[in-house]
Number of protein chains: 4
Amino acid sequence: MRENEKLKIQKLCDIENLKVHGRTTGCISPLTLFWTGSAIELNAKGTELWIEVEVDYDVCEPWISIVINSVPVSRQMLVAGRYWICIFRGMNKDVIKNIKVVKDVQAMSEDPECLMQIHAVKFDGEFFPVEEKQYKIEFIGDSITSGEGAIGSKAEDDWIPMWFSAIDNYCNLTSEAINADYRIISQSGWGVYTSWDNNPYYNIPKYYSKVCGLLTGGENESLGAFKENDFDSWQPDVVVVNLGTNDSGAFNNPEWKDEISGKTHKQRLNEDGTYNREDLQAFEEAVYNFLVQIRKYNKKAQIIWAYGMLGIPMMPAIYRAVDIYVKATKDNKVTVFQLPNTTEETVGARNHPGLLSHKKAAIELSGYIKELLK
Amino acid sequence: MRENEKLKIQKLCDIENLKVHGRTTGCISPLTLFWTGSAIELNAKGTELWIEVEVDYDVCEPWISIVINSVPVSRQMLVAGRYWICIFRGMNKDVIKNIKVVKDVQAMSEDPECLMQIHAVKFDGEFFPVEEKQYKIEFIGDSITSGEGAIGSKAEDDWIPMWFSAIDNYCNLTSEAINADYRIISQSGWGVYTSWDNNPYYNIPKYYSKVCGLLTGGENESLGAFKENDFDSWQPDVVVVNLGTNDSGAFNNPEWKDEISGKTHKQRLNEDGTYNREDLQAFEEAVYNFLVQIRKYNKKAQIIWAYGMLGIPMMPAIYRAVDIYVKATKDNKVTVFQLPNTTEETVGARNHPGLLSHKKAAIELSGYIKELLK
Amino acid sequence: MRENEKLKIQKLCDIENLKVHGRTTGCISPLTLFWTGSAIELNAKGTELWIEVEVDYDVCEPWISIVINSVPVSRQMLVAGRYWICIFRGMNKDVIKNIKVVKDVQAMSEDPECLMQIHAVKFDGEFFPVEEKQYKIEFIGDSITSGEGAIGSKAEDDWIPMWFSAIDNYCNLTSEAINADYRIISQSGWGVYTSWDNNPYYNIPKYYSKVCGLLTGGENESLGAFKENDFDSWQPDVVVVNLGTNDSGAFNNPEWKDEISGKTHKQRLNEDGTYNREDLQAFEEAVYNFLVQIRKYNKKAQIIWAYGMLGIPMMPAIYRAVDIYVKATKDNKVTVFQLPNTTEETVGARNHPGLLSHKKAAIELSGYIKELLK
Amino acid sequence: MRENEKLKIQKLCDIENLKVHGRTTGCISPLTLFWTGSAIELNAKGTELWIEVEVDYDVCEPWISIVINSVPVSRQMLVAGRYWICIFRGMNKDVIKNIKVVKDVQAMSEDPECLMQIHAVKFDGEFFPVEEKQYKIEFIGDSITSGEGAIGSKAEDDWIPMWFSAIDNYCNLTSEAINADYRIISQSGWGVYTSWDNNPYYNIPKYYSKVCGLLTGGENESLGAFKENDFDSWQPDVVVVNLGTNDSGAFNNPEWKDEISGKTHKQRLNEDGTYNREDLQAFEEAVYNFLVQIRKYNKKAQIIWAYGMLGIPMMPAIYRAVDIYVKATKDNKVTVFQLPNTTEETVGARNHPGLLSHKKAAIELSGYIKELLK
C-alpha cells in the first residue's frame, strides 16, 4: 500500500468548519453521537479523509452510513474499539466533497455500554463551511422513527441494529424533500405514555428535555447524556411527533410488573374490545402534557402529530388531546396529520415499514409541511 | 464489549458447505477474489459470523457488499491489512441465514498490488448446503458491466473504486430475475478489439481463457491469475457479452503510442465522420474471433451480444460480425440484443449508467433470456 | 352498411338479467339514471348490442362511459333526443361479454331539465345473470366524489360536464380494489352544512333520504326523484362520506343571500383567520346529525368519514363531531380516515384532483376498508 | 334543450385555419380520413362546436377520439349515416381551445365500403391558426402501429375496430415526446414482403406511394385513394418503419393460395426450424427495395427501422438488408432500432402490445430520435 504522507490528524475541536447534526452535549473532544441520524458533516477539499472512532457496547453495536454529495455510498457495522475508518481516498484534490457520516442506529436505552464517538480526522486538504439548510425539523418517535426494519429482508425477525436505518427513513427523506436539517429523538417500543408492554417509565416525554436522557448507566451520565439539552442553540421550524403506536400496543399486551417494587401497570381493554375510557384518558393527558413540554422548548415551531404508518387506532384520542390543548392554550401551531399505512407491498423487516413505506410517508408529510411553512 | 466465547475460527478450506462465486484458481487457502461480483456464500445457522480478509493495493482499494437473505445490508471499503470483519452478530441461533460477501469492484489491471483474499471465518454455529440456482450466466464487458457509476452522485468525476457496484448492476439484477448464479469478466475502458484510447492490447478476448489474465505483476502470477481457467467446472447456460462501447470510443480518441517500441495504433474516422472501413473490419473480426473463442470454452451456452446502454453506434458492425459467424459455423445459439440507452433520468456517476439504467437493462435482458431458455 | 337482421328490441323491463347500479325509483320503463356512477350492467352473449336513450337538458348534457369486460372503451357526450347508441358490434356470438353503460356526470341540481333515460336494448343474443360483487359501498360527497376535474387538461376552467368522470374516480377505483358494487350521492359545491358560497340549503343531508332529492323541477318530481329511497333493497357494507371541503370554503367566501326572503347566511372567520367557534359548532352538529341519519338508513354499514383530497382544514372539527357521536351513541362502526392531498403532480382540470390523485386516494382508502372488513 | 342560436355551419373548405393530419387527396369538400391517426385540428374560440360526419361500412365501423387541449376526453364508435357530433358545448367564449378529432381505426383494406368523412362544422366563434409542431414523423407499420389491442381487456379476441387506438399508441406518444406532427401508414397482418398468412400482395411497399392504395373498391377509387400521394407537401424529418412481425409469422403459417389463379406462396422453414435461406433473401430484398422507395419520396428524412415490440426474430435479416442498402447507396441516414418487447405485464387485447408496452416503446424510440435530430 502506498502511504499518503500528506495526511494530517486534526481533533474535531480543531476543525473550524465542522457541522454536527443531532443533540449533543456540546463536547467535541471527542464527539459522542447519541441518536440515530446524528452525524458530522464536512465540506472537504482534498484527496483522502479518515475519521477516528471509538466504539463500545455490551450487545448492540452502532452502524454508520457514509453520504457523499448527498448519496449514501457506504454503510457498515462498527465493532468495539478505537480505530480509523477511511471515508474516501484517491479523489481530486481540487474539488470540494460534501460528506456526512451518519449514525444509523438509535440510542440504545437497554445497553448502557453502547457508545459511539468520533475523536479526530486524518486529511490532506482543507475544510470549507457547510451551508445551513433552509429549515430545521425535529422528529420524535418510536421504532418507526428509528427506521427499524427499513432495511433487511421481510423474513428478518431478530431485534438487532442491522435492520435500523437513518437513511431509508421518512425523517431523512422528508428533510431532503423540504431542504431541512433534522434531529431524531426516538426509541423502539416506547410511547407517549407507556411502552408497548405497559411500562409507564418507557415514554419519550419523561426524557425529552435531556440531551439523551433515556440512556442509562454511569458511562452515559459522565458523558453528559442526562444534562439538560440546550434548546436555544437549535430551534426547529417544525417538530414532528410520531408516537402512539406502542401506546396502542399496550392495550393488547399483558401488564407490566416492576420486578423490584412489585408495582404493575396495564392499559385495559373493555370486554367489547374497545379501549378502557380511564386508561385512554391517561394517554390523552400524556399527549396534552407532551405538547405543553414541546412548546416550552420550541417556541416558534409548527408541531405536527404525525401518525398512521402502522395503523390509526389511537387517532381519535390524539385528535381529542390536541383539540383540548389547542383550545386551552390558543396555540394554533399544533396540528395532526395522518401518515399512509404500511401494506404488504411496502412492509420491510420485522413487520415494520420498509423503504417504500418510508418513501410514501415522506411524500405526504413533506407536502403537508410545505403547506404549513408557506 | 461482551465477548462471544463460542466463536471458532475455521479456514475456508475446512468449510464443507462453502459456495464460491466467480472465477478462481481453485485455491481456497486463502481464497482470492479477482473479479467484481465474486463472492463467498454461506447458509449459516448461528448467532455471529466474522470473516478474515487480507487486502492490499497501491492505488485502488477493494470494496465489499454484504447481502443477507438476498438483501444488501452493508457496503464498505476494505483498507490494506489482514483483519476480521463482522458479518452479523446477535442473531437467532436457530435460524439459517443466507449470507453473501461480494467483491464490489472490478479486477484492477493497472494496480498490480491490488489484492483481496479471504482466509477464514469465525463462527458459533453450523453451515448448511447452499442450493444451486436454476441457471448460470457469465457476463463479459467493460465499465458498464463493472457497474462503474452505478452508485454515487451525478456530480462525481473521479475514477475511484467507490463508484463501482456489483449489486446495483444489471448483471446482478438480471441474474436475480431469472434465478441464476453469475460470473463477471469485465474491465473499464476495454473493448473487444481495443480500449477507448486505441490500445490494441487492452481487449478482453486476449485474456478470456485465463483465470484473471488481465491482471499484472508477479504477485498475481504467483496467485495463479494467469493460469488457464477451468471452464469444465462451471459451464454457463448463457454468456452475455456487453462489449463495443470502448471500441466505438477509440474512433473518437487520439492514437495510442507504445512508449517503448514507439508503435502506434488508431481506429480512424473518415472525413465525413463515419468509421474507416478497414478499421471497422478489424473490429468485426475481433467480434468474430471472440465468438469462436467463447464457444470453444462454453459448449452449450446461449451467447448473447447485448449492447446499447451507452448508445448503439457499433450495432451494425456487431450484427455483421455475428451474422458472418452464424453463417460460417451454423452455430444458431448466438444472437444480438439491444439494451435500453441511458438517459438524463437514468444516468449515474461519471456519466455512466446509474441504478435506474441498470434496472431497465435487467428487465429487458432478463425477459429476452427467459424467452431463449424456454 | 350491412344490416344485422337478427337484432331484436327488448324493453329494459323485459330483460330478466339486467343489473341496475345507482339509486333509482324502481321504475325501469324507462330507467332514469340520476347519479354519477349509475349504470346498467349486462352479461351479453351475442354479436351486437344497442341501447335506446332519451336525453334532455337545458345547459348540462349527460355523458356516458362504456365499460367492456371491466375496461372503459368509449366515453361520449349524449346530446338531447331519443336515439340508439351502439355498444358493440361484430363480436363473437358464442362469448359472453360483461358490459356496463355508466352515467359519467353527476345529478345536476341546477338544471331541472337534465335527463338521462334508457328505454330499451337491441340485441341478437341472450343475456346471462350478472354476479353480485362481494361488497357494496355508498359514497357521499361533493365535486371530488363527482369526479370533477378527473379528466381534462390542467388548463381547463369551464364548469361543464365534460370534465366529470365516474371512471377515473376514487369511488370506482376503490370499489374495484375491494371487489364492490357502489353508488354515489354527490353534488359539486355542496357540503354537509352549507355550500362553498354559504347557501344553507345546499347540503347533502337535506336530501339524503330521497331517491335524488337535490334535483328540482316538476319533471324530476314526476319521475319520482323526490320519493323516499328504498334503503332496504340495497344495504351497503360501507358508507364513505367525503364532505367538508365546501363547508371549509364557506368560511372564506362572501355571505349567501336569499334573493326572495332577503335572508343571509355566512360562516365567519375570526380576525386571526381561525374559524368562528359558533359557526364551526353548527358544522359539527351537521356532521353529527348526518351520521345519525346515515345510521338510520344503513343499519350494518361501516361509516367512514374520508376527507383530505383538497386539504384538511376541517379535520379537527370532523374528529370532534364523530367523537361526540360515537360516545353518545356507542356506535363503534363510525371512523375518520384522512385521504392523501392533491399536489401539483396529481392535480387535474379545474384545480380538482386528477386521475393520479384519485388513484392515490383509492389505494389508501381501499387498504383501510379492507382492514375494517376483515 | 336550449338551442344555441349563434351556431353557424361552415364547410371545411371555408375554414381558413383548419389543420388536417394524415395523408389525404387534398379534397376537403368533404374531407375523407383514411388512415388511423388522421385528424382535423382547430384552435377554436367559441362556446360550442359540432362536426358533421358521413360514415359507412360493410363490417368495420370507424371510431374517433376527441382531444381537447392535448387531453383525450371522448372516444366513440361512428355508426353509419350522415350526422352531427358535438365536440364541446358550454365553454368560455373568450378562450381558445385546441381541439383534435382523430380517426382511431386503421384503413380497412378488406372492407371497401368503410368510409369516414367530415363535411362541415357548426360553431359560434372564430378559428385561429394552429401552430406547426417542431418536427414531422411518418410511421409505417402493421397491427402494432395500428394500435391493435392497445385498448380493451386482455380477454378480448375478436378482430373488431373497438380494440384499435391511435391515442394509446406509440406513434402518438412518441410524437408528443418530441413535439412532432405525425402520419401513420399501417395495416394489420401485413408485412414488408408478405402478410402473416403468406399473401405476397399484402405488403405495404406495394401501395406506399399512393394516398391510401391498400384500400379497395370503386368508392375508394373515386375518392382518390389510389392517386399518387403528394409527398412534396409534407416532408417528414423522420420515417419510422415498424415492419417484419408479420413477415416472420408467414414462416410459421400455412401457404397462401390465390383462389382464382391457383398460385400459392409460402415462406418456408428449414427442418431445423430456421428460416429458409432463399425465402429470407426475398424478405431482405423487400426491405432493401422499400428503403429505396422511402428515400425516393422522403429526401431528407432520417429513416429508422424500428422493430421488436413482439419479438426480434427478423432482426438479423433486417440488419443485413439495411447494411447492404447503406453500403450500396452511401445513404447514412438509415438506421435500425430495437423496440422493447411486450411482456405479460404490458400486453393488451388480442395478445398485442397494450398501453404500457406502447408507452415503453415511445420512451425508448423518442430518446433515440432526439439523439438523431440533435
**Request:** Once you've got the Cα coordinates, tell me which of B:LYS206/B:LYS374; A:LYS136/A:LYS227; A:LYS154/B:LYS6; C:LYS154/C:LYS210; A:LYS154/B:LYS210 are over 30 Å apart.
**Result:** B:LYS206/B:LYS374; C:LYS154/C:LYS210; A:LYS154/B:LYS210
**Fill in**
Over the protein assembly as shown, the sum of -39500 (n - 2.57) across DSSP H runs of at least four, divided by residue number and rounded to 500 deg cm²/dmol, gives at 222 nm -6500 deg cm²/dmol
**Request:** Ignoring everything but the protein chains, give the 1.4 Å probe accessible area of D:PHE226 in square angstrom, nearest 10.
**Result:** 60 Å²
**Request:** Using a 1.4 Å probe over the heavy atoms of the protein chains, calculate the carbon and sulfur portion of the accessible area of chain B as a whole percent.
**Result:** 49 percent
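As a test, work out the antiparallel percent of DSSP beta bridges whose residues both lie in region D:135-373, rounded to the nearest 5. It would help to have the intermediate numbers written out before the result.
Working: 5 of 28 bridges.
Of all bridge pairs located within region D:135-373, approximately 20 percent are antiparallel.
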**GNM result for chain A, Cα springs below 10 Å: residue of A:GLY189, A:GLY125, A:GLY37 fluctuating most strongly** = A:GLY125
**Request:** Using only Cα atoms, locate the centre of region C:69-139 and the centre of region B:200-229, then give the distance between them in Å, rounded to an integer.
**Result:** 71 Å
**Asked** Which distances, shortest first and in nm, link A:PHE128 to the matching position in the other copies, using label points set 7 Å out along Cα to C-beta?
**Response** 4.8, 5.4, 7.2
**Request:** Determine which lysines satisfy two conditions relative to A:LYS8: a Cα distance under 21 Å, and not lying fewer than 8 residues away in the same chain.
**Result:** A:LYS19, A:LYS45, A:LYS93, A:LYS97, A:LYS100, A:LYS122
**Prompt:** DSSP beta bridges in the protein assembly as shown, what fraction antiparallel, as a percent rounded to 5?
**Reply:** 70 percent
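Taking every residue in D:66-78, how many Cβ atoms of other protein chains lie within 10 Å of its Cβ, on average? Before the final figure, lay out the partial values.
Details: counts 4, 1, 8, 6, 2, 10, 3, 12, 8, 7, 9, 9, 1.
Taking all residues of D:66-78 together, the mean is 6.
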**Asked** Lys/Arg Cβ at +1, Asp/Glu Cβ at -1, dipole of region D:135-373 taken about the Cα centre: which of D:ASN242, D:ALA306, D:ALA328 is farthest positive-ward?
**Response** D:ALA328
**Complete:** Long-range amide H partners of A:CYS114, meaning residues 5 or more apart or on another chain whose placed amide H is closer than 5 Å, are A:ASP58
**Asked** Nearest 10 degrees, 0 to 90: what angle lies between the long axis of helix C:277-297 and the longest principal axis of chain C (Cα atoms)?
**Response** 40 degrees
**Prompt:** Can you give the angle from 0 to 90° between the axis of helix D:315-329 and the longest principal axis of chain D, with both taken from C-alpha atoms, to the nearest 10?
**Reply:** 90 degrees
**Hits among aspartates and glutamates - C-alpha to C-alpha of C:LYS266 under 14 Å, sequence gap 8 or more where chains match** = C:ASP197, C:ASP247, C:GLU255, C:ASP258, C:GLU278, C:ASP279
**Prompt:** In a shell of Cβ-Cβ distance under 11 Å around D:MET1, excluding D:MET1 itself, what net charge do Lys and Arg (+1) and Asp and Glu (-1) give?
**Reply:** -4
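Averaging sequence separations of C-alpha pairs under 8 Å and six or more residues apart, then dividing by the length of region C:8-128, give the relative contact order as a whole percent.
41 percent
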**Message:** Net charge within 15 Å of B:SER209 by Cβ-Cβ distance, Lys/Arg positive one each and Asp/Glu negative one each, not counting B:SER209 itself?
**Reply:** +4
**Complete:** Karplus ³J(HN,Hα) for region D:207-212 (6.51 cos²θ - 1.76 cosθ + 1.60, θ = phi - 60°; Hz, whole; x = Gly/Pro) runs 10, 4, 7, 8, 4, 7
**Item:** FRET efficiency for D:ASN332 and B:LYS11, using Cβ-Cβ distance with R0 set to 41 Å, rounded to 0.05
**Value:** 0.10
**Request:** Quick one: angle between helix A:355-373 and the longest Cα principal axis of chain A, in degrees between 0 and 90, rounded to 10, please.
**Result:** 80 degrees
**Inter-label distance for B:GLN134 and B:LYS93, nm, one decimal - labels placed 7 Å from Cα along Cα-to-Cβ** = 3.8 nm
**Request:** Among DSSP beta bridges lying fully in region A:111-206, give the percent that are antiparallel, nearest 5.
**Result:** 0 percent
**Request:** Select from region B:88-194 those GluC sites (Glu not before Pro) which occupy a DSSP coil region and have at most 12 other Cβ atoms within 10 Å, ordered by residue number.
**Result:** B:GLU131, B:GLU132
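Calculate, for D:LEU356 and B:ASN179, the FRET efficiency according to 1/(1 + (r/R0)^6) with r their C-beta to C-beta distance and R0 25 Å; round to the nearest 0.05.
Using R0 = 25 Å, I get an efficiency of 0.55.
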**Item:** Expected-Rg normalisation [2.2 N^0.38 Å, Cα atoms] applied to the protein assembly as shown
**Value:** 1.01
**Heavy-atom accessible area per residue - the protein assembly as shown, 1.4 Å, Å²** = 38 Å²
**Derived scalar couplings ³J(HN,Hα) [region C:162-179; Karplus, 6.51 cos²θ - 1.76 cosθ + 1.60; whole Hz; x for Gly, Pro]** = 3, 8, 8, 9, 8, 9, 7, 9, 4, 5, 5, 5, 5, 5, 4, 5, 10, 6
**Prompt:** C:VAL287: net charge of surrounding residues, Cβ under 11 Å, Lys/Arg +1, Asp/Glu -1, itself excluded?
**Reply:** -3
**Prompt:** Once the Cα atoms of region D:292-374 are picked out, what are the Rg and Dmax in Å?
**Reply:** 14.5, 42
**Message:** Sequence gap at least 6, Cα distance under 8 Å: using those rules, report the relative contact order of chain B to the nearest whole percent.
**Reply:** 17 percent
**Complete:** Note: A vs C interface, total accessible area buried (1.4 Å probe; ligands, DNA, RNA excluded), nearest 100 Å², is 1500 Å²
**Prompt:** Per the Kirkwood definition applied to all pairs of different Cα atoms, how many angstroms is the hydrodynamic radius of chain D?
**Reply:** 21.3 Å
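The values are calculated or read from the model by the stated rules, or taken from the named source; none is laboratory data. Since the model is a prediction, treat every value here as computed from it, not as a measurement. Don't worry about glycine lacking a Cβ; one is built from the backbone with ideal geometry, like all the others, and counts go over all protein chains shown. Ligands, DNA and RNA are excluded from the accessible area calculation, which covers all protein heavy atoms including side chains. Shrake-Rupley method; radii C 1.70, N 1.55, O 1.52, S 1.80 Å.
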